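> Here it is, the structure, as structure tokens.
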Amino acid sequence: MSVLTMRILPDPILRRQARKVGKVPANMKKFTDDMIETMHAELGVGLAANQIGSLQKVAVIQLPDWEEALVLINPEIVRQEGEREVVEGCLSIPGYRGLVKRSVSVRARAIGLDGKIIRIKADGLLAQALEHETGHLQGSLYIDHLVTPDDLWKIPQGGEEEEEEESGEESGSSPGTPAEDQETGEQPE
């Protein structure tokens, strides 16, 4: 596995819409393994393909207590319920956090590496991560969802707060598997 180069705003690929993947190609496992390795190296809980320079509609998510990452090909949010305000960050906008509006719960659909459809019902951190990563694949960033323009702030560099927030561990949640509902308010990535 390889750690891939992160694309940082204002890189234009972050504002481009990813293209749907047709039949799952044979090299997709290696590509998503590299995405997972990159996400781990950056201490994130999610990563979209355009964040490492690919316009394939692919994302990976791994909440702090999960043993394995969830690979999502052609993910889409099919239903959203409620609204809440949460603090969010992004590996492609390092050093900043913002207060954003996200859904309380979502239902999503994607294709797995095996080519089978995955259906997910989620709330909390998983719902937030799903919205965040599918947003990336549509060319949208969390800063597009700020409660107000003033709700973006710089975080201390190299501080304990940054490490806790990046890993999502500050919430104290105990997520199980991707199909289970998650109850936290922390940021993906």
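> If a residue must be surrounded by 14 or more Cβ atoms within 10 Å (Cβ to Cβ) and either under 20 Å from Thr38 (Cα atoms) or under 17 Å from the mean Cα position of the chain (by Cα) (or both), how many such residues does the range 17-26 contain?
1
> Still on this structure, please answer the following. For the range 7-29, what are the residues that are free of Cβ contacts under 8 Å to residues at least 12 places away in the same chain and within 19 Å of Val60 (Cβ to Cβ)?
Pro25, Ala26, Asn27
> Given Ile111, Ile117, which one is within 12 Å of Leu72 (Cβ to Cβ), of a type in the set (Val, Ile, Thr) and free of Cβ contacts under 8 Å to residues at least 12 places away in the same chain? Let's see the steps before the verdict.
Values: Ile111 fails: free of Cβ contacts under 8 Å to residues at least 12 places away in the same chain.
Just one listed residue meets the conditions, Ile117.
> Can you tell me which residue within the range 30-56, out of those that are among the polar types (S, T, N, Q) and touching a residue at least 40 places away in the same chain (Cβ under 8 Å), is nearest to Trp66 (Cα to Cα)?
In this case the residue turns out to be Thr32.
> Does the range 64-73 include one or more residues that are buried (at least 23 other Cβ atoms within 10 Å of the Cβ), touching a residue at least 60 places away in the same chain (Cβ under 8 Å) and on the phi < 0 side of the Ramachandran plot?
Scanning the range 64-73 turns up at least one residue that is buried (at least 23 other Cβ atoms within 10 Å of the Cβ), touching a residue at least 60 places away in the same chain (Cβ under 8 Å) and on the phi < 0 side of the Ramachandran plot.
> Say whether the condition of being more than 18 Å from Ala18 (Cα to Cα), assigned to a loop (DSSP other than H, G, I, E, B) and of a type in the set (D, E, K, R) is met by at least one residue in the range 104-111.
Within the range 104-111 (the criterion being more than 18 Å from Ala18 (Cα to Cα), assigned to a loop (DSSP other than H, G, I, E, B) and of a type in the set (D, E, K, R)), the answer is no, since none of the residues qualifies.
> Which of the numbered conditions does Ser173 fail, given that it passes all the others? Conditions: (1) in a loop (DSSP other than H, G, I, E, B); (2) at pLDDT 95 or above; (3) among the small types (Gly, Ala, Ser).
Going through the list (1) in a loop (DSSP other than H, G, I, E, B); (2) at pLDDT 95 or above; (3) among the small types (Gly, Ala, Ser), Ser173 breaks only (2).
> Name the strands (runs of 3 or more DSSP E) wholly inside the range 1-101 in which the number of residues that are at pLDDT 95 or above and closer than 17 Å to Asp144 by Cα is 2 or more.
Values: elements: 46-48, 58-61, 70-81, 84-88.
Hits in the range 1-101: 84-88.
The values are calculated or read from the model by the stated rules, or taken from the named source; none is laboratory data. Quick caveat: nothing in here was measured; it's all calculated off a predicted structure. Virtual Cβ from ideal backbone geometry, glycine too; neighbours counted across all protein chains shown.
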